[in-house]
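Every number here is computed from the coordinates shown, using simple stated rules; none is lab data. As the structure is a computational prediction, the values presented were derived from the model and not from experiment. Note: ideal-geometry Cβ built from the backbone for every residue, glycine included; neighbour counts use all protein chains shown.
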Amino acid sequence: MTDTATLLRPLIEGLAHDRIIPYFGPGMLDLIAHGSPVPATPEALAELMTAKVTVPHKIRKRLTSAAQFIENFKHRKTLTSLMNAAFEPSVTPSALHNYFASLPTLSLLVAAWYDDAPQNAFAARSNWGLVQGLSQAEHFGQWTAYFHANGSPATEAEAETWSSLLYQPIGCVRPAANYLVSDSDYVEVLTEIDIQTPIPARVQSLRAGRHFLFLGCRFNDQLQRTFARQIMKRSSDQHWAVLSCEPTRNELRFLTEQNIQPIYMPLAEFAAILTQEQLVDAA
């Protein structure tokens, strides 16, 4: 572990000095002690929802398509209710969640899944808030919503005063059950994302000149690649991704195009290195 820690030392220092923005995917839930109480993959979420609502067999494992079918034939409220039920259990943060939340200079963290573990990790911080993506089906004309740490609504002007911002681009179960999950949700966002309309101005400002570190992410889906690409837009030209398996051809092409250096190791091993280094530095 020592040799690996030495290799990763510049990355660890970059995180400590707020030069790197962590970007969480659903795979972060694999680190939750005793297992995640909420779905930890898009496929698991699709299977959970379609076990309760009948959808055509060919889309049962395709999350956005299954969600669209439910929205079309059972109403948006049914889809929201299913999402609420799936992510109702509060998730106790892992050591890696807590590591990032403990970084005193961290200005921005991106969490691209629907669980509340990042919020729970941030609870120990002061002067922070969050911004979430909104579905046009429920908030037509409004792309994002800001919230104080206690969950009460906030303004963009107030967000400018926070020392740390948690950005949840596809929404979250808390505090207001905002979700981008159906095909139409994503179509609306993707129509505007090239010109950055759905990306909060505060996020655009904070990402400038910084690198991204992708954790628990896969890029084997066009939506995931598009969101990552647009959120990284106009940041630095060097990024990293911790990958526990060899990328697919499409993933490798994306990593190369975006200058994302893969770090091939299990996420749990990477987490152990970072949390151990934190202890060493604090001693």
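What percent do you get for the relative contact order of the range 39-88 when only Cα pairs under 8 Å and 6+ apart count?
Relative CO of the range 39-88 lands at 36 percent.
Describe numerically, in nm with one decimal, the distance between label points set 7 Å from Cα along Cα→Cβ at Thr78 and at Ala176.
Between Thr78 and Ala176, the simple spin-label model gives 2.6 nm.
Give me the tail of P(r) for the chain as a percent: Cα-Cα pairs with distance above 35 Å.
13
Pop out the ³J(HN,Hα) list for the range 155-163 in order, Karplus 6.51 cos²θ - 1.76 cosθ + 1.60 with θ = phi - 60°, rounded to Hz; leave Gly and Pro as x.
9, 4, 5, 5, 4, 5, 8, 6, 7
Let me know the shape class of the range 39-88, please: from the alpha-carbon gyration tensor, a ≥ b ≥ c as square roots of the eigenvalues, rounded when a/c is under 1.5, otherwise prolate if a/b is greater than b/c, or oblate.
oblate
Across the chain, how many lysine pairs separated by 8 or more positions, or lying on different chains, have Cα atoms within less than 28 Å?
Qualifying lysine pairs in the chain: 7.
Evaluate 2.2 N^0.38 Å with N set to the residue count of the range 192-283, then give the Cα radius of gyration divided by it.
Dividing the Cα radius of gyration by 2.2 N^0.38 Å gives 1.21.
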